[in-house]
Each structure stands twice: as structure tokens, then as C-alpha cells.
1. Report the label-to-label distance for A:Ser188 and B:Tyr30 in nanometres (one decimal), using points 7 Å from each Cα along the Cα→Cβ vector.
2. Could you derive backbone 3J(HN,Hα) for the range A:121-126 from the dihedral phi with the Karplus parameters 6.51, -1.76 and 1.60 (θ = phi - 60°), listing whole Hz in sequence and x where the residue is Gly or Pro?
3. How far apart, in nm, are two points set 7 Å out from the Cα along the Cα-to-Cβ line at A:Ser138 and at B:Met99?
4. Over the protein assembly as shown, what percent of the accessible surface lies on carbon and sulfur atoms, probe 1.4 Å?
5. Rounded to the nearest 5, what % of DSSP beta bridges with both residues in chain A are antiparallel?
6. Roughly how large is the B-A contact in terms of buried accessible area, totalled over both chains, probe 1.4 Å, nearest 100 Å²?
7. Checking the cross-link filter: which aspartates and glutamates have an alpha carbon closer than 13 Å to that of A:Lys82, excluding same-chain neighbours under 8 positions apart?
8. Which semi-axes, in whole Å and largest first, does the equivalent ellipsoid of the protein assembly as shown have when worked out from the alpha carbon gyration tensor as the square roots of 5 times its eigenvalues?
Amino acid sequence: MSANCDELEVSVWRGDRLSGHFEVFHVPAQDSQTILDVVSWIQQNLDATLSYRYACRVGMCGSCAMMVNGVPRWTCRTHVKKVMNGNKLEVAPLRNLPVIKDLATDMDPFFDKWIAAEGLHHPTKTRDEPIETINPDSTMRAEANAGIECINCSVCYSACDTVAGNVDYLGPAALQRAWTLFNDAKDSGQNAILEAVSGAGGCHNCHSQGSCTVFCPNELNPMKAIAELKKATTKSFFKKRV
Amino acid sequence: MLGVRLYMLQRLTALIMAPLTLGHIAVMIYAVQGGLSTAEILSRTQGSIWWLLFYGSFVVAVSLHAAIGLRVIVHETLGLKRPALNILTLVVSLLLLFMGARAVLAVTLT
Ligand code: SF4
Ligand code: SF4
Ligand code: FES
């Protein structure tokens, strides 16, 4: 046991879309150190060519997610001490997304699926009309509020085995946004949303095993949102036929 | 690879299968406890429209339900895509239907 407890042994994925390997760096351990601190330290002190993505550093922007010891996490709010394996860390790009370089993934497929799930605003009014009053206590508003804090970090998308096995699956975040908008009184896209989540990559592919919900750093529950979408599409399936 | 139509079909066939499975188990327990012989069983099932309907609808439900389930597994684990996936779903469904129908007809036709 010669491991120096004041030093972390960090394996960092280096590579591009086609190939890559882990490279080991030694990083001084510090109090209250986050995974993002470690990655930044490597980039600033050991290898300036290391690519990674972040912006806010406070869990708001959703751009810093990576695989940490095999698990998707928001790295700016993940403390090294909580996830360390001995004194070892392994940091890799998010699963289920193409790698651009090193730790930076191409988020396009993730966001394209938000659009495909109709996770975009469908206005009910023009700018000239008065703003609608929303009753915060209504059941539909409560449903909409449940998913509103999503920061688009793609942690759930990386955690989802159905995404891994089915490239067309829209994934937990996009479907959760669809359910949020479905319940939003200021959104008129209900039919378009039900249509969009009923296709070959839609909500019916979810196996309800809940990795999305377990790993969402904001403690949201995409699995429940998807179950509600299944109910709503089932209702409309029978309605259309009577 | 499961749109709302296949999803509904799989759920509805499950709803059909559930009571029929319970019925089947009840019949099996009855047959075993009462010590019915093969000939006695066949004498009750052959020519019976009710047993034909009972096991016939079970076979139809199973053919659809299992083929859709297999479709999902094959797509997610082996990566088979449409149109091959659609063909596989259809072939599995027809195969199960054929084998099941053969068995049901063998014990219900006189
Ligand atoms: S519950 Fe559904 S969306 Fe969530 S990880 Fe599992 S399959 Fe993916
Ligand atoms: S649902 Fe949670 S894990 Fe998924 S993108 Fe939103 S904040 Fe991230
Ligand atoms: S850097 Fe913005 S959420 Fe981590």
C-alpha cells in the first residue's frame, strides 16, 4: 500500500468519435473538491489540450455531465470524496452520445429528440393578448411543475439502457418535457405531443426500470412522467376509436 | 420499436391471457386431482365449441403477445431493425399461431 492519500489517481478518457484510451493523471487531493475541479486542474496544470465542457459550475446549466467511475453525474456538484474508489477516479464522456473529443460529447442527438418529442413551446396566444392567469394549485400545474427544473444535462439519457439498445428511443428527458408541456395551460400542443410520443421511438418503449430517476441530479422523476404519457396515449387511443 | 398500436395490442392480449391462464391452471388441478385419463379428457374436449374457443383465443393472444415481446428483445439486444424486424415479428406470430392452432384443433376436433 504505497498509495498517497493526498493524491488522486485519475484515469481520463482521451480520444475522439472513433477511438480512444484512458490516460492516468496524478492530481493533488483537496477539501471539498469536485470532479470538475479535478478535470480543470488537469487541463490547467498538466495537459492544456484536454477537452471538456462546463459553464455555470453551480448545477444550473447542465453542460458538465460526464461518466464518473462508470456512473453519469453532474461533475460540478459531485464531490470527489463521495464517489472515489480507493484513491482512484475514472472520468469518461457521457454514455449514449457520440464523443467529439476527450470528455466533450455531441449533445445534438439529445436535443434533436426534444424537438422530435414536441418538447417545444406551442403558444396559445399572441403577444397582444393579456397573459393568462395560472392557478398554481391545479392538478395539471402540479404535474407540469414536477418536471420543470430539468437542466438538460443528459444524465438520465446516459443512464437509460433503452436508449443504449434502441437509437430511436426519445429518452427520459425529452419525454418528461413532453409531459410537462402537455400539462401546461399556456401550451396548445397536446395533440401534437401525444402523436409525437406514440411512434416507434416513443414513450411505449420505456421499460420503467427507473435508471433515469435514480441518477437525475435534480431528483426529478422522468420515469413517472413517461408512465403518465403512456396513460394519456392509452386514453386517447380508445377515444379516437369510439 | 414499439408504437402505441403494438403497445396496446400487447397490453390487450395480456388482459385476455390473464383469466385464461387462471382457468387453465384450475382445469389442470381439477384434471389431476380427479385422476382423469387421457381418454376421459379427450371425450370432454373433442367436439366442444367452448374448449375450442377457450384455448383458441388463448393461442391467438399468445401469438400476438409473445411476438411483440420478442420483437423488443431482438431489437434492443441484437440491433435488428425494420423491415427485417417486422418480418421477424410476423413470422414468429404466425409460427406460434400455427403450432397452437394445431394443438387446439387436435384435442377439440372430433
Ligand atoms: S425508466 Fe424508461 S426512460 Fe427511465 S431509464 Fe428506464 S427505460 Fe429509460
Ligand atoms: S431529467 Fe434530470 S437527469 Fe435528465 S436531463 Fe433533466 S435534470 Fe438532467
Ligand atoms: S457546470 Fe453548469 S451544471 Fe455543472
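The values are calculated or read from the model by the stated rules, or taken from the named source; none is laboratory data. Since the model is a prediction, treat every value here as computed from it, not as a measurement. Cβ sites come from the backbone with ideal geometry, for glycine too, and all protein chains shown count toward neighbours. Remember, those area values only see protein heavy atoms, side chains included, never the ligands or the DNA or RNA. Shrake-Rupley method; radii C 1.70, N 1.55, O 1.52, S 1.80 Å.
1. Label at A:Ser188, label at B:Tyr30, 6.0 nm between them.
2. Going residue by residue, I get 6, 10, x, 9, 9, 8 Hz, with x marking Gly and Pro.
3. 5.3 nm
4. Details: 11600 of 19270 Å².
Of the solvent-accessible surface of the protein assembly as shown, carbon and sulfur hold 60 percent.
5. Values: 21 of 25 bridges.
Percent antiparallel among DSSP bridges in chain A is about 85.
6. 1300 Å²
7. Counting by Cα, and skipping residues close in sequence, A:Lys82 has these aspartates and glutamates nearby: A:Asp31.
8. Numbers: eigenvalues 495, 164, 63 Å².
Gyration-tensor ellipsoid for the protein assembly as shown: 50, 29, 18 Å.
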